[in-house]
Amino acid sequence: MSEKVLLVDDEQDFLEIMSERIQARGMTVKTADSADKALAMLENESFDAIVMDFKMPGMDGIQALKNIKTQKPELQIILLTGYATVEKTVEAMKIGATDLLEKPADLEALTATIQKAKAEKMLLVEKKTEEKIKDILQRFGG
Amino acid sequence: MPNHNLSHDREGIRFFGTLSAAVTHDMKNFLAIINENAGLLGDLAARARNGPVPVDPQKACLISEKISKQVERADAMIKQFNRFSHSMDHAQESVDMEEMVYLVAGLTERIIRHHDVTLTVMPGPVPCRIQAHRFDLLHLIFRAVEMTCEMLDNAPEDTQKQVTVNFGSNPLVSEICFLVDTEAASGWDTLFDDPKDRSMLELVNMHVKKTVTGRGFCLCSGRKTQ
């Protein structure tokens, strides 16, 4: 099954071209031009990964990352940014970002990161399911 | 005499750094879009090479237009940044304030957008000039824009955050006014209270006057009369 990606960036031109190129590589892409819109979309739809600009109007990148991770802990977030300081990168990774790529990014590297992110998400979901089953068995199996 | 000390120099460097960071971030975005368009052309060429689908000339034209648009945006940004960088070269001189406001507005577009604010500059009714160092004046205008945006930060989410900059009509007094469209802005009472901000006003021999509507302030030439 193909990877389902949510692309978040405030540059409309970037969203259009990037989604076209990622889709041409067999992935399903949806777009949002702000972190707030991305969060609203996550309430009704499931994605394998989010590719998100770090600096956008409205919600700050770190705050957006925290909110998404609270809402969907297993969701993988790849940050794409014009420039990030070492401090911001470390902070983002500590909160749970999967990776941070610098713009202009190499598309093959980005799609490889998305594929890796999907595999990582599936592992997390699997682990969560196993834990749930274990819990049920413990409660009902004695 | 203005208090031109180390702290002021540091503020000037901070201002330079803030604008440089915003501009280079924009440049990275332009490059990213150019990069993806070039990549898309490569994808189309590869598809045409490997299969029966030729490159669609209309699509190629559209991509070329998109690349040109980003080059134009980047060129305009670099020109403005270059003018800003050379503002340090000038001694004190008669400076066109309107021109300086447009320059700050162009360079801070990204910063203003991050506050969810829309900034509109209205052309002045009379020439608005002041005797000052360009860099100091740009710094003061930037600080005024920054303060206005910060005052709107706590406004309710559905507030229309519109800032209008206009110029006074008295040819004897140079005046730049920063006006907001809402009552939700806060912090009017502490405007330019910080010693660093006051020193910035002194450097260009200007003072702050609150507007009668209570929804803005003006930077006026000359010292405040008590």
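Laid out as a table, the results:
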quantity: Within the range A:43-61, considering residues that are among the charged types (D, E, K, R) and more than 30 Å from B:Asn154 (Cβ to Cβ), the one farthest from the other protein chains (Cβ to nearest Cβ); calculated: A:Glu45
quantity: Yes/no for B:Met77 being open to solvent by less than 70 Å² (accessible area, probe 1.4 Å), in the same structural domain as B:Asp26 (by TED's automatic domain parsing) and in contact (Cβ under 8 Å) with a residue 40 or more places away in the chain; calculated: yes
quantity: Test: residue in the range B:77-95 that is over 29 Å from B:Met206 (Cβ atoms) and away from chain A (no Cβ under 11 Å); calculated: yes
quantity: In the range B:14-33, residue surrounded by the fewest Cβ atoms within 10 Å (Cβ to Cβ) [restricted to those that are polar (S, T, N, Q) and either facing chain A (nearest Cβ under 8 Å) or touching an Asp or Glu at 6+ places or on another chain (Cβ under 8 Å) (or both)]; calculated: B:Thr24
quantity: Restricting the range A:10-26 to residues that are of a type in the set (A, V, I, L, M, F, W, C) and over 18 Å from the mean Cα position of the chain (by Cα), the residue that is nearest to the other protein chains (Cβ to nearest Cβ); calculated: A:Ile17
quantity: Single match in B:Glu150, B:Glu183, B:Glu157 (criterion: farther than 15 Å from B:Tyr102 by Cα and either among the basic types (Lys, Arg) or outside any loop (DSSP other than H, G, I, E, B) (or both)); calculated: B:Glu150
quantity: Filter result for A:Ser46 (free of Cβ contacts under 8 Å to residues at least 40 places away in the same chain and surrounded by fewer than 21 Cβ atoms within 10 Å (Cβ to Cβ)); calculated: no
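The values are calculated or read from the model by the stated rules, or taken from the named source; none is laboratory data. Since the model is a prediction, treat every value here as computed from it, not as a measurement. Because the Cβ atoms are built from the backbone with ideal geometry, glycine has one as well, and the counts that use them run over all protein chains shown. What goes into the accessible areas is simple: the full protein's heavy atoms, side chains included, and nothing from ligands, DNA or RNA. Shrake-Rupley method; radii C 1.70, N 1.55, O 1.52, S 1.80 Å.
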